[in-house]
Amino acid sequence: MSETEIPHACDVLVVGAGAAGLSAAHAFAAQGRSVIVVGKVETHLAGRTVALFEGSLRFFRALNLWEACEPHAAPMEGIRLIDDTGSMFPTEPKEFRSREIDLDAFGQNIENNALVAELAAAARANPAITLIEGFLDGFELNYSGARAKLVGGGWIDAQFIVAGEGRNSQARQIAGITVKTWTYPQTAITVLLKHEKPHHNISTEWHKRSGPFTFVPLQGREGAPHRSSMVWLVTPREAARLQALSPEELAGEIQDQSHDRFGHIELDGPVGAFPMGALKTDRVTGLRLALIGESAHLFPPIGAQGLNLTLRDVANLVDCLEGLDLDEPDPISRALRRYERDRARDIGFRVNSIDVLNRSLLVHALPVDFARAFALNFFSAFGPLRRALMREGVTPHGPTPKLMRERPPVFSRAARR
Ligand SMILES: Cc1cc2nc3c(=O)[nH]c(=O)nc-3n(C[C@H](O)[C@H](O)[C@H](O)COP(=O)(O)OP(=O)(O)OC[C@H]3O[C@@H](n4cnc5c(N)ncnc54)[C@H](O)[C@@H]3O)c2cc1C
């Protein structure tokens, strides 16, 4: 797109064209807003998949986006947890089935690259969305409006900015939002695998001393009927060693770590390595600005919560701004106070509970091992608690945003500028 062709004004400007930003662009376009989304569409993330739970699937279905994604996705009908810590208090393997909470599946697992590619293709085909594959550098957030500077020239004026540009969000910094970050002595090794034995649509998570080692079901394909994605949290030193192995050697180590549950294993793509860290902010809003996704929260991939939480950010933000004339600053301020309030508990709960769970694996102390084993046995033994735990992972408590309800929403056309 040449500079003269770039539109310079919109209702909603979305920063970042990752899964978060593109999802937000679609949701606001469906609300009747004109949307510009700026970011490079990246579809070369090695070995990464996202397990999307029921609420997220409803979100994509409501926006007519899931049909294109579904052929790339595999259902997760069960979750198996295996204690492989060698603790003095070992727990028996636990298996949770989606039918226990009346769902055909807990969710669907899809390659990040396929999801982002489909969301970007749908954005390009949507006349309400302009996708600019560029970069923004500089934001002005004012009572009367917002603007952002496009690298290479030009400003984009917007009534509202959605910051979906990930952990190093510049919009967040300019809005003066305080961020607390920390790291874990872990790197996630990710790779897609083909294996000899079927996964039966069950995700298997071994809890090891370095963190979880997880196989999540993937859609089979010709010549490779049984496929899974693997996430293995190891020390950075161990990650470097694993990355230096040949594909055959690495596959052999993965087969050993999985105790041969899936038989012979081969790598089915490049290997990724992602250092583990976490992030939380003191606010998720600024003047005419809302943070979504990893600009607002980050944590290790335990329980497949990251993008699911992000989509709840988006769905909630859309509800908060529904029917508002974005020219009017006061109603926006009120809507943002509601967004702030609504998101605080959900985000705080995920960041903190995943932190505790992750550290409980890393700490080698008998009382911690005992507490972890006790909690897992306790929650899985009692039907109502067990089902509550499963529901919390899939469709968390609290008000459900309209885009995540069982019946798809009918949007009132928002006032256009
Ligand atoms: C190993 C692993 C496994 C995971 N598994 C799951 C799972 O099973 N389920 C789940 O829900 N979540 C999972 N997650 C989390 C999930 O992958 C992330 O939450 C999600 O991919 C983040 O997407 P995002 O769009 O917020 O951020 P990003 O993908 O980081 O996208 C942000 C984009 O913004 C761009 N950008 C930055 N600054 C600017 C700027 N100034 N202008 C324009 N563009 C900009 C960046 O280049 C980038 O493309 C996992 C994470 C990891 C590490």
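Just how large is the dipole of the stretch 70-152 about the Cα centre, in debye to the nearest 20, putting +1 at every Lys and Arg Cβ and -1 at every Asp and Glu Cβ?
It works out to roughly 420 debye.
Amide H of residue 186: which non-local residues (sequence gap of 5 or more, or other chain) have their own amide H closer than 5 Å, using H built in the peptide plane?
276
Which value in deg cm²/dmol, rounded to the nearest 500, describes the helix-derived mean residue ellipticity at 222 nm for the chain, given -39,500 (n - 2.57) per DSSP H run of n ≥ 4 and division by the residue count?
It lands at -10500 deg cm²/dmol.
Along the principal axes of its C-alpha atoms, what lengths does the stretch 259-307 span, in descending order and rounded to whole Å?
Computed over the stretch 259-307, the largest-to-smallest principal extents equal 55, 20, 17 Å.
Size of the stretch 185-276 along its principal axes in angstrom, Cα-based, largest extent first?
36, 25, 20
Please give the charge dipole size of the stretch 185-276, origin at the Cα centre, charges +1 on K and R Cβ atoms and -1 on D and E Cβ atoms. Round to the nearest 20 debye.
Dipole magnitude for the stretch 185-276 comes out near 280 debye.
Restricting to Cα pairs below 8 Å that are 6+ residues apart, what does the relative contact order work out to for the chain? Please round to a whole percent.
22 percent
Dipole size in debye (nearest 20) for the chain around its Cα centre, Lys and Arg Cβ +1, Asp and Glu Cβ -1?
Charge dipole, the chain, about its Cα centre: 1040 debye, nearest 20.
Using Cα springs under 10 Å in a Gaussian network model of the chain, which residue among 27, 273, 244 shows the largest mean-square fluctuation?
244
Using mean Cβ contacts within 10 Å as the protection proxy, how do 182-188, 109-115 order, highest first?
109-115, 182-188
Just the accessible area for residue 342, please: 1.4 Å probe, Å², rounded to the nearest 10?
50 Å²
Rounded, prolate or oblate: which one fits the chain, using the alpha carbon gyration tensor with axes a ≥ b ≥ c (rounded when a/c is under 1.5, else prolate when a/b beats b/c, else oblate)?
Cα axes put the chain in the prolate bin.
Counting only protein heavy atoms and using a 1.4 Å probe, what share of the accessible area of the chain belongs to carbon plus sulfur, as a whole percent?
53 percent
Determine how many Å³ per residue the convex hull of the Cα atoms of the stretch 1-111 encloses.
It is 163 Å³ per residue.
The values are calculated or read from the model by the stated rules, or taken from the named source; none is laboratory data. Here the structure is a predicted model, which is why all the values come from computation and not from measurement. Glycine also receives a Cβ, built like all others from the backbone with ideal geometry; neighbour counts cover every protein chain displayed. Please note that ligands, DNA and RNA were not included when accessible areas were found on the heavy atoms of the full protein model with its side chains. Shrake-Rupley method; radii C 1.70, N 1.55, O 1.52, S 1.80 Å.
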